Amino acid sequence: PKEAETGDAEVTGAAFDVFHYISIRLNFTYSFVRSPDGLWGAPTANGSWNGMIGQILRQEVDMALGPFILTQPRYMVVEFSEILVTDSFGIFLPRPKIEKDLTNFLKPLAPSVWSWLIGATLLSTATGLALQWLATKGKLPRLKEVSTVTSSNPSDKPIIFRLDWLYRTLCLDAITATEMPELLTGRILLGTWLIVSLVMSAAYCGALTSLLAIPKVTVPVNSLQDLLRSNMDFATEAGGAVYQMFMDADSEVMSKVALRMKTVSSCYYSRFEIQHDNLAVICDFISMRKVISEEFSDNATCSYYIAQERMTGGSLSFIFPKKDFYRPFFDESLRSLVEAGIITKLIDAYTSNATACLVPPGSEPGSANLFEYSVRDLAGVFLLYVGGHVVALVALVGEFVISARIKNKNSDN
């Protein structure tokens, strides 16, 4: 019923369609009575039952649609119709979104690799400067094939190392023949660094391309253990079979879930809370698929996610009082609908568009075509760019200060 949302009574769903068809076939009229407490039905502390099952036992209604999961306590107090369908339970939660990360451009390499790369750069710089100093002091001869005519070094000092070589090769910038080291030591040093730069740059570019091309989506909950580890609120339908299953469970995980678990009136009525309030609800798959299908039909969006873990469910049926006279006639008509596949077709009709969203987060319809890099996606690179300019400005001011001091010192002398 949707009267809780609209104010007007409107009953829809596969169970109602089946019941309405059987009413026409058996020629009876009906009226709906909503459970005062809004519960399915569970035993209370004094031995009575609440919810719709309580209404059956108090003879306030002739039957209850539900449909209800067959459990041993329920079977002891009411009679179940022919099985409509079997279903299982799962965790229904907000759909994880594509993540925005300022440090995406650093992710292709592990922190340890970045540390080694920085260390290798500093070591190569120190080694190159030391070798350059030794070559200058020792007056090492240049290679014969490098003459002063072709060399970019007009001085008599042989060149083993220049600082810009390291960073140009790291960015795969070409070094011309006139810029080559004039000593064999320098060429070995540069050749080694070229190989390292080629491998590191190729690895970084390939990994960065795949990282940016495939949006990252982290699924926070895919099991009950994940649910317990998360900071997400979770609930199940009050007075339902799932609620009772957790309350009576001997499993350590399920017992912990029961301690933290809240209750909601229904999975369907809680769909907006799930979508906006970081709430997970443990309920049946048919209800979850119906919510997903309705949302996609109305808005062409996918806002919900069903966790991968499936919990044991059961068979779904209508319920009647014990030894009810009309139940055999009702079951005969219901059996013919089940055997003809009508129930399955009705459920498929109400959940037909759910399949569009039953895909991994980030691959739902439209997500690939609509995805584009925003400033936030690449903000880390731009921050690095701004930071570099700030450092360069500071260095420029420092150079002016040092130059001014040198001029003042020379003028004093």
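The values are calculated or read from the model by the stated rules, or taken from the named source; none is laboratory data. Please read these numbers as outputs of a predicted model, since none were measured by experiment. Backbone-built Cβ (ideal geometry, glycine too); neighbour counts: all protein chains shown.
Results for (1) over 23 Å from the mean Cα position of the chain (by Cα); (2) in contact (Cβ under 8 Å) with a residue 40 or more places away in the chain; (3) part of a helix (DSSP H, G or I), shown as yes or no for each residue.
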position	(1), (2), (3)
PRO220	no, yes, no
GLN225	no, no, yes
GLY239	yes, yes, no
TYR243	yes, yes, yes
VAL257	no, no, yes
> Which residues, taken from the stretch 313-348, are touching a residue at least 12 places away in the same chain (Cβ under 8 Å) and small (Gly, Ala, Ser)?
Replying inline: GLY313, GLY314, SER315, SER317, SER333
> Out of LEU316, LEU358, which single residue is touching an Asp or Glu at 6+ places or on another chain (Cβ under 8 Å), within 25 Å of PHE89 (Cβ to Cβ) and not in a helix (DSSP H, G or I)?
Replying inline: LEU316
> Out of all the residues in the stretch 26-77, which are surrounded by 15 or more Cβ atoms within 10 Å (Cβ to Cβ) and of a type in the set (Lys, Arg)?
Replying inline: ARG74
>> Here are the criteria: (1) modelled with pLDDT of 75 or more; (2) among the small types (Gly, Ala, Ser); (3) assigned by TED's automatic domain parsing to the domain that holds TYR268. Tell me which single one GLY398 does not satisfy.
In response: (3)
>> Filter the stretch 86-98 down to the residues that are surrounded by fewer than 18 Cβ atoms within 10 Å (Cβ to Cβ), β-branched (Val, Ile, Thr) and part of a strand (DSSP E or B) and list them by number.
In response: THR86
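When you check VAL257 against the structure, is it of a type in the set (A, V, I, L, M) and over 24 Å from THR355 (Cβ atoms), yes or no? Break it down into steps so the answer makes sense when it comes.
Details: of a type in the set (A, V, I, L, M): yes; over 24 Å from THR355 (Cβ atoms): yes.
So VAL257 fits the description; yes.
Being at pLDDT 75 or above and either surrounded by 13 or more Cβ atoms within 10 Å (Cβ to Cβ) or over 33 Å from the mean Cα position of the chain (by Cα) (or both) is the filter; apply it to the stretch 99-113 and report the residue that is farthest from ILE347 (Cα to Cα). Steps first, please.
At the first step, the residues of the stretch 99-113 found to be at pLDDT 75 or above are 106-113.
Next, only the ones that are either surrounded by 13 or more Cβ atoms within 10 Å (Cβ to Cβ) or over 33 Å from the mean Cα position of the chain (by Cα) (or both) stay: 106-109, 113.
Values: LEU106: 48, LYS107: 45, PRO108: 46, LEU109: 49, VAL113: 54 Å.
The extreme case among them is VAL113.
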>> Give me the residue from the stretch 287-338 that is in contact with a Pro (Cβ under 9 Å, 6 or more places away or on another chain) and hydrophobic (A, V, I, L, M, F, W, C) and, out of that set, nearest to VAL61 (Cα to Cα).
In response: ILE319
